[in-house]
Amino acid sequence: MTRLAVGDDLLSPDALSDPYTYFGQLRELDPVHWNELHRSWIVTRYEDVMAGYKDGRLSSDRVVPHFEARLSAPEREEMEPVLRTLSRWMVFNDPPEHGRLRAITRDAFSPRTVEAMRPRVKAVVEDLLGGLEGKATADFVADFAFPLPAIVIAELLGVPPGDRELFKSWSTDLKALVFGALDDGQRHQRARQAIDALSAYFADLVAHYRRRPGDNLISSFLVPEAGRPPVDAGELIPMLILLLFAGHETTTNLLANGLLALLRNPDQLDRLRQEPSAMTSAVEELLRFDGPAKLSVRWVASDLEMRGTRIAKGDRLLLVNASANRDPRRFADPDRLDLGRTDNAHLAFGYGRHYCLGASLARLEASLAFSTITERLPRIQLQADRELRWQPTILGRELEQLPIRLS
Ligand code: HEM
């Protein structure tokens, strides 16, 4: 067993504020590491993370095994609605079920459909930044990075954007379970309440759009469409919950982590101001450098070997995107933010069949946000006097607040 200079606790304050040091040590010293505290294999080299995403023996169908391993029979009964919902999410399914669920949503998030949303996303960006102008200070997370993706995904689905504080609190409760806030002893109960509330909320919206269809995704799922698998009644509401949840949680963090990286690297921010055409590569670099999804979880469906280490069926394995994206074997000078980086096949959106469905939408929101910020907020700075705090989850890389100074 290799001795490491930092502990195995992925939720320690040091690991939360800087996960790269721990993962970087593993990558060099013990690239397929058994973390006893979290009872998981941690895979950190780019080549191995990529191989993991392609390996059919690593299953995404991990909700049932998790519940069976961790909960007593009465607890499982209590959590049945959560189990029923999550086990219908495409992200927790393997083929062939995964392909059918994903095909239902594919057109709605295709690059072409997303491009057509550009004017509306731009208008929301302008509107939110307008609200910041004239202020001396702000919390970039609460005032911009949360509302932008929340409004966009809500409008796309047909959810009233004004309800966003409501669905934010449900999402936060659900996230405690889905993203692994392991220190929170209440996370199962919170997830149960959130699923009940979200299911009732969407049942009302579905009933509403059945009577009065609108120009939105909920309405479109209610009528059969040529070339698209029909949506089963039992999977419609879980699907809507997934899209609402996935559609804003992570993009918020791309915006906040991205702005933080720019403000800590003023030469790169200046470069973006002078060279707006670098925006496409800049967004990719911000995703690589400090992306919102530190890792993806897999369940080992049959025994396998990785770098000579035997991994048993039933184990949990973490594919660490955050470490693969900083692997010097794959990226030159990986700890440097270089907005002009061209060879940048990062894994921030995962890889393979579960590659992020919303990647085009997240990219559009980020590029419009950062281009408008560089144009309209010339004096933006970090409030250096405030310490930054990160949410205590295994999966997410999420700032609680990002205090900024505007004048
Ligand atoms: C910067 C923002 C985002 C990041 C970093 C991100 C990251 C990821 C990652 C790493 C995965 C793969 C999970 C796995 O392999 O287990 C994933 C899947 C997924 N993402 Fe995103 N995501 C983002 C934004 C979005 C948005 C805007 C949506 C919109 C609905 C979305 C919807 C999904 C869905 C539905 C899946 C599951 C796909 C499948 O299982 O086939 N994501 N995302």
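Looking at the calculated P(r) for segment 13-405, what percent of the C-alpha pair distances fall above 40 Å?
Percentage above 40 Å: 13.
Hey, which lysines would be in cross-link range of LYS54, C-alpha to C-alpha under 27 Å, not counting anything within fewer than 8 residues on its own chain?
Counting by Cα, and skipping residues close in sequence, LYS54 has these lysines nearby: LYS175, LYS294, LYS313.
Could you work out the mean projected area of the convex hull around the alpha carbons of segment 38-182, in square nanometres to one decimal? Please report the intermediate quantities before stating the final value.
Values: hull surface 50.4 nm².
Spelled out: convex hull of the Cα atoms, projected over all directions, averaged, 12.6 nm².
Multiply the residue gap between GLU165 and ALA207 by 0.36 nm, knock off their C-alpha separation, and tell me the result in nm, one decimal place.
Extending this stretch completely gives an extra 12.9 nm.
Show the residues, 5+ positions off or on another chain, whose built amide H is closer than 5 Å to the amide H of THR137.
Amide H neighbours of THR137, under 5 Å, 5+ apart: LEU406.
With unit charges on the beta carbon (Lys/Arg positive, Asp/Glu negative), name the residue among LEU347, ASN257, ALA197 whose Cα is farthest towards the positive pole of the charge dipole of the chain.
My answer, from the dipole projection, is LEU347.
Determine how many Å³ per residue the convex hull of the Cα atoms of segment 105-256 encloses.
Working: hull volume 19.8 nm³, N = 152.
With only Cα atoms used, segment 105-256 gives 130 Å³ per residue.
If you rank LEU243, LEU395 by fewest surrounding Cβ atoms within 10 Å, what's the result?
Numbers: LEU243 24, LEU395 20.
Ranked by crowding around the Cβ, least crowded first: LEU395, LEU243.
Nearest 0.05, what FRET efficiency do SER17 and ASP333 give at R0 = 25 Å with Cβ-Cβ as r?
Computed FRET efficiency for SER17 and ASP333: 0.65.
Would you mind working out the magnitude of the charge dipole of the chain relative to its Cα centre, with +1 at each Lys and Arg C-beta and -1 at each Asp and Glu C-beta, to the nearest 20 Debye?
660 debye
Compute the longest continuous run of the chain that contains no exposed GluC sites (Glu not before Pro); treat a site as exposed when its DSSP state is not H, G, I, E or B and it has at most 15 other Cβ atoms within 10 Å.
On the way: sites that count: GLU36, GLU133, GLU225, GLU387, GLU400.
The reported range is 226-386.
If you restrict to DSSP beta bridges whose two residues both lie in the chain, what percentage is antiparallel, to the nearest 5?
85 percent
Taking the Cα of ARG386, stepping 7 Å toward and past its beta carbon, and measuring to each backbone N in segment 140-165: which are under 14 Å?
140-146
Report, in cubic angstrom per residue, the convex hull volume of the C-alpha atoms of segment 272-328.
96 Å³
Between the DSSP loop rule and a limit of at most 13 other Cβ atoms within 10 Å, which chymotrypsin sites (Phe, Trp or Tyr not before Pro) in segment 34-98 are left?
Passing sites in segment 34-98 do not exist.
Over segment 108-226, calculate the relative contact order: mean separation of alpha carbon pairs under 8 Å at least 6 apart, over the residue count, as a percent.
Computed over segment 108-226, the figure is 21 percent.
Stretch ARG118-ASN216 to full length: gain in nm at 0.36 nm per residue minus the Cα-Cα span?
Numbers: separation 98, 0.36 × 98 = 35.28 nm, distance 1.60 nm.
Net length gain for the segment: 33.7 nm.
Each value in this text was obtained by applying a stated rule to the coordinates, not by laboratory testing. Worth saying up front: this structure is predicted, and the values here are computed from it rather than measured. Glycine also receives a Cβ, built like all others from the backbone with ideal geometry; neighbour counts cover every protein chain displayed.
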